[in-house]
Amino acid sequence: VAGSLRHLPGMVFFDTAGNFPAGTVNPISVIAANPRDIFKGGIYHSADLTILRNSLAAGARPASDHGFPCGGLCGWIDYEGDFVFGNYQEMLIYSHSDHAWWEIGTLSEQLYTSHDVAEISEFSPLTSRERFIESVSRAKNWIEAGDIYQVNLSQAFSAKITGDLFSLYESLREASPAPMAAYLALDGREILSSSPETFLKISGRGIETRPIKGTRPRFPDPDEDRRSAYELQTSNKKFLSW
């Protein structure tokens with residue numbers, strides 16, 4: 001369905017594929033398109049944030065809570081704090097538990113099945129091998145000094161791509177389905193994202209995170225729960241992972 005809406009402006013797809021995280025209640029996937037407005041700014045500028053808040057406040061409120069979004073802001077915040085958000089009032093929501101679709105707007109009347117295949121060249125790193133090794137060494141020193149306890153080092157790669165990037169996302173989804181995946185085509189850029197874990201979930205004034213690394217599950221049985229905690233505390237991986 002998402003591929004059949006790829007031609008629409010500002011199409012975004014929040015995709016729940018693969019195994020759902022523990023404790024997930026009624027997992028959903030969301031497709032949105034045709035944003036009414038597009039907002040660009042930075043999280044460190046109060047005027048930009050005020051515009052976003054006012055846009056949310058002006059949106060229509062559903063008569064009852066169905067447990068899924070009924071329009072709103074979709075977009076991204078980059079590592080430097082700049083953001084791009086679209087104000088969406090047309091959505092298709094799929095409930096994986098009920099195997100049912102919900103619709104806000106008329107997206108189901110705008111399906112179109114044709115899109116091209118993407119061709120991609122070899123990726124080239126933007127950081128030299130020497131500089132990346134230096135970053136690893138610096139991170140180890142910071143951990144040993146107690147300044148940090150974990151760092152996820154990454155680097156950027158570049159490649160030339162032609163054709164429809166959504167077909168590339170479909171290949172990524174098939175090779176590595178993830179419960180926290182997304183495709184966004186907004187403001188002249190396209191983002192393909194795939195993650196096995198929730199970064200942050202915000203509901204009201206509550207914030208929840210469910211990291212995978214360095215964790216153990218909780219158990220209702222006290223003895224089993226203590227054993228799980230002990231395994232985490234004495235794990236060799238905990239001490240050697242850096």
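Given the criteria in contact (Cβ under 8 Å) with a residue 12 or more places away in the chain and not assigned by TED's automatic domain parsing to the domain that holds TYR88, does ALA185 qualify?
no
Would you check which residues across the range 90-100 are touching a residue at least 40 places away in the same chain (Cβ under 8 Å) and either surrounded by fewer than 17 Cβ atoms within 10 Å (Cβ to Cβ) or more than 23 Å from ARG36 (Cβ to Cβ) (or both) and list them?
SER95, HIS96, SER97, ASP98
Residues checked against (1) at pLDDT below 90; (2) of a type outside the set (Asp, Glu):
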| site | (1), (2) |
| --- | --- |
| ASP37 | no, no |
| GLY41 | no, yes |
| LEU73 | no, yes |
| ASP98 | yes, no |
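Do any strands (runs of 3 or more DSSP E) lying entirely in the range 167-242 carry at least 3 residues that are at pLDDT 90 or above and of a type in the set (Gly, Ala, Ser), and which ones are they?
180-186
The values are calculated or read from the model by the stated rules, or taken from the named source; none is laboratory data. Here the structure is a predicted model, which means the values were calculated and not measured. For neighbour counting, all protein chains shown are included, and Cβ atoms are generated from backbone atoms with ideal geometry for every residue, glycine included.
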